[in-house]
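Right, one structure below, let's go through it.
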Amino acid sequence: MRVFFANLKSHMTPQEGKQWLDSFVLLKLPENKQVIVCPPFTLLTIFKDSGLSLCAQNISPYPQGSYTGEISAGMLKDLAGFVLIGHSERKKYFKETTEDISNKLIQAQNNNLIPLLCISGETEIDSYLNLAREFEKIFILYEPTFAIGTGNPDTPQNASSICEKIKSKLPSCYFLYGGSVSKDNIRQFSEKNCIDGVIVGKNSLDPEHFFEIVKNG
Ligand code: PGA
């Protein structure tokens, strides 16, 4: 497995973010693994100076302009190379719709951000893959709702069979699994050849736990 995203969600003050970073950069990452951190917007500039690859956790469905409180893709393109689109927490708490997700994908594309398009369940596969077809490079992130933050991951077998289904429909995409990934279960996911990487939420808040996941994955 090559790609490891750390989704720090809405957790850290600038000071806590600096502490995370100071601890993480001391750990010797294996050279054949790619680590990408998804910090909150407020930490992007701090993390940028570290040289780590960065992913925004969300973008506005609108372009730059008079949309108070929104962070547009154009504002982000010099800070992050990737963006999460349609995370299930956005759907659950902020009622994000397929139309919002489609508009966010357009904004990402117009600003050269590589999307991680999140699929929360099997029923979303077909409609979401239709949105993804336009992209030269896209990550499809399968994160079943029951697995997020619960300590109850999907089985690697099921994640892998969903990966195969998705890649049979969109062979050019990269596939990520997310939902309660830990240092104790990462090997089982990394044994599945179809899965290109993982995204880690809760267990990335401790830099050493995240490092163990990267090392063992
Ligand atoms: P989790 O979150 O690892 O805490 O389950 C993953 C995510 O939501 O990206």
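Bear in mind these aren't lab numbers, they're just calculated from the coordinates by the rules spelled out. Keep in mind the model is a prediction, meaning the values are calculated, not measured. Cβ atoms come from the backbone with ideal geometry, glycine included; neighbour counts cover every protein chain shown.
Over all Cα pairs of the stretch 88-217, how is the pair count split among 5 Å bins, expressed in % and running from 0 up to the last occupied bin?
2, 10, 21, 22, 20, 15, 8, 1
Between S127 and T155, what FRET efficiency follows from the Cβ-Cβ distance if R0 is 30 Å, with the result rounded to 0.05?
Plugging the Cβ-Cβ distance into 1/(1 + (r/R0)^6) gives 0.75.
If pairing requires two Cys Cβ atoms under 4.7 Å apart, which cysteines of the chain are left without a partner?
C118, C173
Kindly put I46, I140 in sequence by how many other C-beta atoms sit within 10 Å of each C-beta, fewest to most.
So the residues, fewest neighbours to most, are I46, I140.
Could you check the spin-label model distance between Q34 and I106? Points 7 Å from the Cα along Cα→Cβ, value in nm.
About 2.8 nm, to one decimal.
Amide H to amide H, which residues 5 or more places from F5 or on other chains are under 5 Å from it, using H placed in the peptide plane?
For F5, the qualifying residues are I36, V198, I199, V200.
Calculate, for F146 and K169, the FRET efficiency according to 1/(1 + (r/R0)^6) with r their C-beta to C-beta distance and R0 25 Å; round to the nearest 0.05.
E(calc), rounded to 0.05, equals 0.60.
Take the cross-link list K77/K104; K165/K192; K33/K183; K48/K91; K77/K183 and give me the ones stretching past 24 Å between alpha-carbons.
K48/K91; K77/K183
For the chain, report the convex hull volume of the alpha-carbon atoms normalised per residue, in Å³, without decimals.
Details: hull volume 25.0 nm³, N = 217.
Hull volume over Cα atoms, normalised by residue count, gives 115 Å³.
Using each residue's phi in the stretch 178-193, evaluate 6.51 cos²θ - 1.76 cosθ + 1.60 at θ = phi - 60° and report the 3J(HN,Hα) Karplus result to the nearest Hz, with x for Gly and Pro.
Once θ is set to phi - 60°, the couplings for the stretch 178-193 become x, x, 6, 6, 9, 5, 7, 10, 4, 4, 5, 6, 6, 6, 8, 4 Hz.
Estimate the FRET efficiency between Q15 and T97 by the formula 1/(1 + (r/R0)^6), using the beta-carbon distance for r and 41 Å for R0, to the nearest 0.05. Intermediate results must be reported in sequence, preceding the final value.
Details: r = 36 Å, r/R0 = 0.87.
Once rounded, the FRET efficiency stands at 0.70.
Using Stokes-Einstein with the Kirkwood hydrodynamic radius over Cα pairs, what translational diffusion coefficient do you get for the stretch 67-129 at 20 °C and a viscosity of 1.002 mPa s, in µm²/s rounded to a whole number?
D = 174 µm²/s.
Length gain on complete extension for the stretch V25 to K137, per 0.36 nm per residue less the alpha carbon to alpha carbon distance?
Gain in length upon complete extension: 37.6 nm.
Where Rh is the Kirkwood radius over the Cα pairs of the stretch 172-217, the temperature 4 °C and the viscosity 1.567 mPa s, what D in µm²/s does Stokes-Einstein return?
Details: Rh = 10.6 Å.
Result for D is 122 µm²/s.
Which order do the peptides 121-131, 2-12 come out in when sorted by mean C-beta neighbours inside 10 angstrom, highest first?
2-12, 121-131
Scan around Q64 for amide H atoms under 5 Å from its own, H built in the peptide plane at 1.01 Å from N, and keep only partners 5 or more places away or cross-chain.
G74
Please give the direction-averaged projected area of the C-alpha convex hull for the stretch 41-153, in square nanometres with one decimal.
Working: hull surface 31.2 nm².
The orientation-averaged projected area of the Cα hull of the stretch 41-153 comes to 7.8 nm².
Please work out the Kirkwood hydrodynamic radius for the stretch 101-156, using every pair of different C-alpha atoms, and report it in angstroms with one decimal place.
12.3 Å
With each pseudo-label sitting 7 Å past Cα toward Cβ, what's the K215-S50 distance in nm, one decimal?
1.7 nm
Calculate I(q)/I(0) for the stretch 1-85 by the Debye formula, one identical point scatterer on each C-alpha and no solvent, and give its log10 at q = 0.18, 0.27 Å⁻¹ to two decimals.
After summing over all Cα pairs, the log10 values are -0.78, -1.44.
Could you give each residue of the stretch 51-60 its phi-based ³J(HN,Hα) in whole Hz, using Karplus coefficients 6.51, -1.76, 1.60 with θ = phi - 60°, and x for Gly or Pro?
Whole-Hz 3J(HN,Hα) from phi for the stretch 51-60: x, 6, 6, 10, 10, 6, 7, 5, 9, 6.
Leaving out same-chain residues fewer than 8 places away, which aspartates and glutamates sit with a Cα under 15 Å from that of K9?
In chain and number order, the partners are E89, E143, D206.
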